[in-house]
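K.L.:
Here you go, one structure.
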Amino acid sequence: VQLQASGGGLVQPGGSLTLSCAVSGSIISIKSMGWYRQAPGRQRELVAVIISGGTTNYADSVKGRFTISRDNAKNTVYLQMNSLKPEDTAVYYCNAESWSKIQSWGQGTQLTVSS
């Protein structure tokens, strides 16, 4: 599985942005897709995940503000981010986990929330 993330940028606090992750390769092997983020000096953390049946889970810090979704026709997973805060600033990574628990990662995309 290959993942290509895009959509990062500079956003003002309170703003919105959507990240995209294009998926190619053995898509049928994917159990779940997720977004992680890593801020400077911090460990990478799970932001949101969508499982094959459509179930979603979110970190408490983004619940109600972020929405993960997928477009199967486009083989793309999205992360819609609203009401952005400076503490959302991080490099965001797209992740795929296969049914055999193999992890695949995309390159990171930088989100900076600042006025």
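K.L.:
If you plug each phi of the stretch 36-46 into the Karplus form 6.51 cos²θ - 1.76 cosθ + 1.60 with θ = phi - 60°, what whole-Hz ³J(HN,Hα) values come out, in order, with x for Gly and Pro?
P.N.:
10, 9, 9, 8, x, x, 10, 6, 5, 10, 6
K.L.:
With a 1.4 Å probe and every protein chain left in place, tell me how much accessible area residue 100 has, in Å² to the nearest 10.
P.N.:
Near enough 80 Å² of accessible area.
K.L.:
For the stretch 50-115, report the translational diffusion coefficient in µm²/s to the nearest whole number, using Stokes-Einstein at 25 °C, 0.890 mPa s, and a Kirkwood Rh over Cα pairs.
P.N.:
On the way: Rh = 13.5 Å.
In µm²/s, the coefficient is 182.
K.L.:
Roughly what would the spin-label model give for residue 83 and residue 20, points 7 Å off Cα along C-beta, in nm?
P.N.:
Taking the simple label geometry, residue 83 and residue 20 are separated by 2.7 nm.
K.L.:
List the residues, sorted by chain then number, that are 5 or more residues from residue 15 or on another chain and whose placed amide H is less than 5 Å from its amide H.
P.N.:
Answer set, sorted by chain and number: 84.
K.L.:
Averaged per residue, what accessible area in Å² does the stretch 14-115 show with a 1.4 Å probe, protein chains only? Don't skip to the answer; put the middle values down first.
P.N.:
Numbers: 5290 Å² over 102 residues.
Per residue, the stretch 14-115 has an accessible area of 52 Å².
K.L.:
³J(HN,Hα) across the stretch 50-56 via Karplus (A = 6.51, B = -1.76, C = 1.60, θ = phi - 60°), whole Hz, x for Gly/Pro?
P.N.:
Per residue, the Karplus-derived 3J(HN,Hα) values read 10, 9, 3, x, x, 5, 10 Hz.
K.L.:
Not counting ligands, DNA or RNA, and with a 1.4 Å probe, what is residue 61's accessible surface area in Å² rounded to the nearest 10?
P.N.:
Residue 61 exposes around 60 Å² with every protein chain in place.
The values are calculated or read from the model by the stated rules, or taken from the named source; none is laboratory data. Keep in mind that what you see is a predicted model, and the values were worked out from it rather than measured. Glycine also receives a Cβ, built like all others from the backbone with ideal geometry; neighbour counts cover every protein chain displayed. We work out accessible area using only protein heavy atoms, side chains counted, and drop any ligands, DNA or RNA first. Shrake-Rupley method; radii C 1.70, N 1.55, O 1.52, S 1.80 Å.
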